[in-house]
1. Would you be able to say whether some residue in segment 75-82 is touching a Pro at 6+ places or on another chain (Cβ under 7 Å), under 27 Å from GLU156 (Cα atoms) and modelled with pLDDT of 95 or more?
2. Any idea how many residues of segment 229-251 are closer than 27 Å to THR320 by Cβ, in contact with a Ser or Thr (Cβ under 8 Å, 6 or more places away or on another chain) and not charged (D, E, K, R)?
3. For residues that are in a strand (DSSP E or B) and under 24 Å from the mean Cα position of the chain (by Cα), scanning just segment 190-215, find the one that is farthest from LEU312 (Cα to Cα).
4. Scan segment 94-121 and report the pairs whose first residue is at positive phi and modelled with pLDDT of 95 or more and whose second residue is surrounded by fewer than 19 Cβ atoms within 10 Å (Cβ to Cβ) and part of a loop (DSSP other than H, G, I, E, B), with Cβ atoms within less than 7 Å and a gap of 6+ or a chain change.
5. Considering segment 225-283 alone, what residues qualify as being β-branched (Val, Ile, Thr) and touching a Pro at 6+ places or on another chain (Cβ under 6 Å)?
6. Looking at THR195, THR247, THR253, can you tell me which residue is modelled with pLDDT of 95 or more and more than 22 Å from HIS288 (Cβ to Cβ)?
7. Looking only at segment 51-79, count how many residues are crowded, with 18+ Cβ neighbours inside 10 Å, under 24 Å from the mean Cα position of the chain (by Cα) and not aliphatic (A, V, I, L, M).
8. Sort out which residues of segment 323-334 are surrounded by fewer than 24 Cβ atoms within 10 Å (Cβ to Cβ) and in contact (Cβ under 8 Å) with a residue 24 or more places away in the chain, and write them in order of number.
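The values are calculated or read from the model by the stated rules, or taken from the named source; none is laboratory data. This one's a predicted model, so the numbers in the text were calculated from it and none came from an experiment. Backbone-built Cβ (ideal geometry, glycine too); neighbour counts: all protein chains shown.
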Amino acid sequence: MAPRKTLIGLAGAASAAALAFATMSTSAGAAPDAQSMAQLQHTAIAQAKTVSAGIGIDSGGVWLDHGKAVVNVTNAADAQAVTAAGLTPKTVKYSFATLTAAKNSLDSVKNVPQTAWGIDTRSNQVVVSIYDSASDATKAKVKAAATKLGDKARIEYKTGKLELYIADGDAIQNEQGRCSLGFNVTRGGEPFMLTAGHCTNLGGTWAGGDVSGAQVVESDCPGADSGLLTRPNGSGPGQINTGQAITSAGEPTVGEQMEKQGSTTGGGSGEITSVDQSVNFDVGVLNHEFGTTAHTDHGDSGGPAYDGSTGLGTLSGGDTVTSYFYPLTLELSAYGLSLA
């Protein structure tokens, strides 16, 4: 019964957050600015994840509906608990654990470039994307595996081609290619630059902005997509080039509004549409990516995704309509990094 008490104890704070969102959305007919929206989203996500954790293995996960937290539930008792906590429940067929198991079963399907799959908590499904640039054999192989999952999976057919963005104008470059700086970080007090692993896989010496002579010290791709460069000129600011400070790393949530920066397409925004995505690029599979509606292009690789002062990930690539990022929390943990 202790978890139920925890859920109910959140009711006041959750209701206050919902009221604040409604007030800011309607006051003077204006939507909240980006910073206010980011804070509201962070509060809503934190509350929803606490409630979801209290439910335990039966939880269907969380997502945002225009900034309002929704907690998926699989039974009436949990729905009542979520309501008592001041949040919105949605009764779904499958728990997040069940969807994760379904997604993991697809991960056993190898050598299928130009396909991707990940969890969409909004639809309570694993969404499987098959591009028309995939071979007929790949299309048939992935379709067969997804069909076995029944209504736990949904197949989407897409046009175009998945590409790792690593060309054209951007912030950091060497004689092999061009990318974008993701986040300034430190390790053991020493300054480094975090970017995409498929960029640092090129090796060589990198330069850009006030940096020259940067060397590759970590590079992981495929599997992950993380790369770490030295910063020979000293520490860099812990902020986006717009001046937005980045003070923490957070896990992406379906429905969350995010922003991005890249030296080819510049700034922009989008919505997170999937998490724990396995994306089969031509170079191999990248795991644990999150999908977004943000527009990016070649040269934006390694650039940051963020929500207010919270860093979310670095860009891998996509099809310019759908963009995939590798989670910042995984990068910091894997390399023992702290944000600058």
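1. Checking segment 75-82: not a single residue is touching a Pro at 6+ places or on another chain (Cβ under 7 Å), under 27 Å from GLU156 (Cα atoms) and modelled with pLDDT of 95 or more.
2. Result for segment 229-251: 5.
3. PHE192
4. GLN114/SER133; GLN114/LYS161
5. Within segment 225-283, ILE272, VAL275, VAL283 qualify.
6. Of the residues listed, the single one that is modelled with pLDDT of 95 or more and more than 22 Å from HIS288 (Cβ to Cβ) is THR247.
7. So the count comes out to 9.
8. Selection gives THR329, LEU330, LEU332, ALA334.
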